[in-house]
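Enquirer: Can you read through this structure? Questions will come right after.
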Amino acid sequence: MNKPISTSGESLEHGRPIVFRNGIVLTMDDAHHIFKDCDVLVVDGVIREVGTGIKAPDTALEIDARGGIIMPGMIDTHRHMWQTAMRAYGADWTLSQYFVWYYLEHGRNFRPQDVFAGNLLSAIEAVDAGVTTSVDWSHGLQTIDHADAAVDALETVPARFVLGYGNIQRPPWEWTADKEFQDFYSRRLDGKGDMLGFQIAFDVVAGEEFPERAAFEVARDMGVSVNTHAGVLGANGDDSIRLMHENGFMTPDTVLVHCATLSDDSYQRIAACGSSVSVSTESEQSAGQGYPSSWKLRQFGIPITLSHDTSVWWSADLFTAMRTTLGADRSRQHFEAHLKGETVTQLDLRSEEVIDWATRGGSKALGLDSKIGSIEVGKRADIVLLKNDESPVMFPILNPYGHVAMQAQRADVHTVVVDGNIVKHEHRLINIDLAKAKSVVEETVGYLADSLGEEAWNAGMHPDLAPKEIIDNPYHYNK
Ligand SMILES: [Zn+2]
């Protein structure tokens, strides 16, 4: 690739100091300070100063943020990145159709290079949308070669990732016990610091004997956390939460995904342990794990973080996650009120809060809150500038939180900085080889379609529709 430069000829090479000028800064610090006409200075990957009229080093790249919003890089705590080469293939799937396709029928077809292709595209689309940290909930790692391919892809893109190592083809108490799994961790992950973290990703589904205990013990011995789907209608529920809780495996660094179908007792157990719940509203709304749980989690004071789940169905930008979460939470508030014959006079969930979940929610869930998640002096510089001078939607900015949560979108992501390095600027990806992603994804799609055969490939995309009738209507238009 050529040396990256801005449209005005400025060098965008990694390591250069950066100063954003005159933007609206959503700090997302504990007090949620907002500063208008504010500068942010980044030197050596660290946020050095936040204020007006900052004196920057002569070498600094000046970014005009007027008319824009500067916010922390967003954090997604659950995305199945390996599935991204199949973008929108399953848009009309139910959860059981997803399980059949990936778990039972075709998931085994994925070669290491297919995991690489999905991960590469997913990693690129994350940073493109201002998601600077992603948990790769990577349950397609059938072999160590697949795992190496997953990490190879993550290391290709200059953003922050956490590999959530998983394998849907074998029970977790088996593959976590493999020496080669632990060797892989030592070889590829251990000591990689904040740019590439590690979790173990599996679900508790096997019943009262709780064989998953062994996998939790491995995680504990390795000093890594567990990321697990929970409260998924038809897959796992209160018993799984109870088993984790009673056996001491639900801790503040455990991430529980969905938690959409649980009793109040389970929510109380989660709240007592301080575990975070990763809400994937778009997913829960169409796949049916249960009603998107933010309205319930808020009642119990459970820490919330947001996620997108998988591009085989849904959009991988957290603007959509924030917007759908606000919508689902408010729908529920209205619905509960209407059941009592009442109307809602004050909305419980505010835009400000979902932005907190998309930033600090993630940094807290991943144990990275002292490093990232907010725009504060001393934190690593993961920063997003939303600015789009060509858009009729980026003015007026009257309510910055409302603007981010309800108006902004991927196309408004002007600049993305991760760990002090520019990865997107003036709406263009920098130091990222999109052409390579396109070519490996095309190869993977061709291979998958060929191995299934045309009929099965097309059938997978177009699940059968149940027959339905239009209700008889006694009225007729006869004017
Ligand atoms: Zn998931």
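Enquirer: Can you tell me which residues in the stretch 226-253 are away from the ligand (no atom under 15 Å from the Cβ) and under 22 Å from the mean Cα position of the chain (by Cα)?
Expert: MET250, THR251, PRO252, ASP253, listed by residue number.
Enquirer: Would you mind telling me which numbered condition in (1) within 22 Å of HIS334 (Cα to Cα); (2) within 16 Å of the ligand (Cβ to nearest atom); (3) in contact (Cβ under 8 Å) with a residue 40 or more places away in the chain ALA260 fails?
Expert: Among (1) within 22 Å of HIS334 (Cα to Cα); (2) within 16 Å of the ligand (Cβ to nearest atom); (3) in contact (Cβ under 8 Å) with a residue 40 or more places away in the chain, the lone unmet condition for ALA260 is (3).
Enquirer: Mind checking whether some residue in the stretch 278-292 is in a loop (DSSP other than H, G, I, E, B), more than 16 Å from the ligand (Cβ to nearest atom) and in contact with a helix residue (DSSP H, G or I) (Cβ under 6 Å, 6 or more places away or on another chain)?
Expert: no
Enquirer: Sticking with this structure for a sec: When MET195 is evaluated against the numbered criteria (1) in contact with a Lys or Arg (Cβ under 6 Å, 6 or more places away or on another chain); (2) within 16 Å of the ligand (Cβ to nearest atom), which criterion, by number, is the only one it fails?
Expert: Result: MET195 fails condition (2) only.
Enquirer: Right, another one. Of all residues in the stretch 56-78, how many are in a strand (DSSP E or B) and either more than 30 Å from ALA365 (Cβ to Cβ) or charged (D, E, K, R) (or both)? Steps first, answer last, please.
Expert: Keep residues of the stretch 56-78 that are in a strand (DSSP E or B), which gives 61-64, 69-72, 74-78.
Keeping just the survivors that are either more than 30 Å from ALA365 (Cβ to Cβ) or charged (D, E, K, R) (or both) gives 61-62, 64, 76.
Final tally of qualifying residues: 4.
Enquirer: Looking at ASP348, ASP382 in this structure, which one is crowded, with 19+ Cβ neighbours inside 10 Å and at pLDDT 95 or above?
Expert: After applying the criteria, what remains is ASP382.
For every residue, the table says whether it meets (1) touching an Asp or Glu at 6+ places or on another chain (Cβ under 6 Å); (2) on the phi > 0 side of the Ramachandran plot; (3) basic (Lys, Arg).
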position: ASP37; (1), (2), (3): no, yes, no
position: VAL40; (1), (2), (3): no, no, no
position: ARG48; (1), (2), (3): no, no, yes
position: PRO57; (1), (2), (3): no, no, no
position: LEU61; (1), (2), (3): yes, no, no
position: ALA65; (1), (2), (3): no, no, no
position: ILE70; (1), (2), (3): no, no, no
position: MET74; (1), (2), (3): no, no, no
position: ARG79; (1), (2), (3): no, no, yes
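Enquirer: Okay, next question. Can you pull out every residue in the stretch 361-396 that is of a type outside the set (Val, Ile, Thr) and touching a Leu at 6+ places or on another chain (Cβ under 8 Å)?
Expert: Across the stretch 361-396, the qualifying residues are GLY361, GLY362, MET394.
Enquirer: Which residues, counting only those in the stretch 293-330, are within 16 Å of the ligand (Cβ to nearest atom) and charged (D, E, K, R)?
Expert: ASP309 - this is the single residue of the stretch 293-330 that is within 16 Å of the ligand (Cβ to nearest atom) and charged (D, E, K, R).
Enquirer: Right, something else. Only residues that are touching a residue at least 60 places away in the same chain (Cβ under 8 Å), more than 14 Å from ASN458 (Cα to Cα) and away from the ligand (no atom under 15 Å from the Cβ): list them for the stretch 88-109, please.
Expert: ARG108, ASN109
The values are calculated or read from the model by the stated rules, or taken from the named source; none is laboratory data. Just so we're clear, the structure is a prediction, and the values are computed from it rather than from any experiment. Reconstructed Cβ throughout: ideal geometry from the backbone, glycine too, with neighbour counts over all protein chains shown.
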